[in-house]
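Asks: Structure provided below as structure tokens; questions to follow.
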């Protein structure tokens, strides 16, 4: 396990905001005639805005909200995949990101080569990869396909390989974005057991999921996002109740 900061929050999000462009469109001749404006318009929206919270090492947090409300964007900020346009996001420790889980794998390389490449890109040393390689293969149940091109795997097999690699990184922070919704029941059971093993060992967990049973199972604290803003931060059960009430799921 990599070193974990113990003297203060492991994650600090302070007044964080990030905006995206919805694309450009050419203005019509009528708009040009009456407004005199030329060129193209860029429409922007704030995926997250003025979001602040702190996370201590070992906390288990579920993020809830409707689609398009900034949940996955928040995890990408914590992972360092995205940088905030406003505010700051400080992470004191390595991150194991189960986000866009099969991203980064190379279709024309073999499964064996992809395991080594992806583990290395995530920071594993060659010795660590050698030591954990058999564990990764056994967990993914992929031994018979190690020399097959990755692109020939089914979508379910690709997810098994990706989860097996990332869940062996042993970083102090684990980010999970809807990955538990994929795969067959037997594999999900293995994923649940692995995540529980990690959290018992002190891993800080962030989960984005629409599955309330998963959130109740893994998370003690809930963050509810709506329209890019932080609506509620507190016990997981209360976050689910608040979200259900606001969205009309609870009557």
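Asks: List the number of the failed condition for residue 123; all other conditions in (1) over 17 Å from the mean Cα position of the chain (by Cα); (2) modelled with pLDDT under 90; (3) more than 27 Å from residue 200 (Cβ to Cβ) hold.
Replies: Against the list (1) over 17 Å from the mean Cα position of the chain (by Cα); (2) modelled with pLDDT under 90; (3) more than 27 Å from residue 200 (Cβ to Cβ), residue 123 comes up short only on (3).
Asks: While we're here: Here are some conditions: (1) in contact with a strand residue (DSSP E or B) (Cβ under 6 Å, 6 or more places away or on another chain); (2) surrounded by fewer than 18 Cβ atoms within 10 Å (Cβ to Cβ); (3) closer than 30 Å to residue 87 by Cβ. Residue 239 meets all but one. Which one does it not meet?
Replies: (2)
Here's the yes/no breakdown for (1) closer than 30 Å to residue 69 by Cα; (2) touching a strand residue (DSSP E or B) at 6+ places or on another chain (Cβ under 7 Å):
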| residue | (1), (2) |
| --- | --- |
| 130 | no, no |
| 148 | no, yes |
| 155 | yes, no |
| 158 | yes, no |
| 162 | yes, no |
| 170 | yes, no |
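Asks: Which members of the stretch 70-109 meet the condition of being over 18 Å from residue 174 (Cα atoms) and surrounded by fewer than 17 Cβ atoms within 10 Å (Cβ to Cβ)?
Replies: Hits for the stretch 70-109 are 83, 85, 86, 88, 106, 107, 108, 109.
Asks: Against the definition (touching a residue at least 12 places away in the same chain (Cβ under 8 Å), surrounded by fewer than 20 Cβ atoms within 10 Å (Cβ to Cβ) and in a loop (DSSP other than H, G, I, E, B)), how does residue 123 come out, yes or no?
Replies: Details: touching a residue at least 12 places away in the same chain (Cβ under 8 Å): yes; surrounded by fewer than 20 Cβ atoms within 10 Å (Cβ to Cβ): yes; in a loop (DSSP other than H, G, I, E, B): yes.
Yes.
Asks: Of all the residues that make up the stretch 187-219, how many are in contact with a strand residue (DSSP E or B) (Cβ under 9 Å, 6 or more places away or on another chain), surrounded by fewer than 16 Cβ atoms within 10 Å (Cβ to Cβ) and over 25 Å from residue 45 (Cα atoms)?
Replies: Number of matching residues: 1.
Asks: Considering only strands (runs of 3 or more DSSP E) fully contained in the stretch 144-251, which possess at least 1 residues that are at pLDDT below 90 and closer than 23 Å to residue 96 by Cα?
Replies: Fully inside the stretch 144-251 and qualifying: 173-177.
The values are calculated or read from the model by the stated rules, or taken from the named source; none is laboratory data. Keep in mind that what you see is a predicted model, and the values were worked out from it rather than measured. Neighbour counts are summed over all protein chains in view; Cβ atoms, including those assigned to glycine, are modelled from backbone coordinates with ideal geometry.
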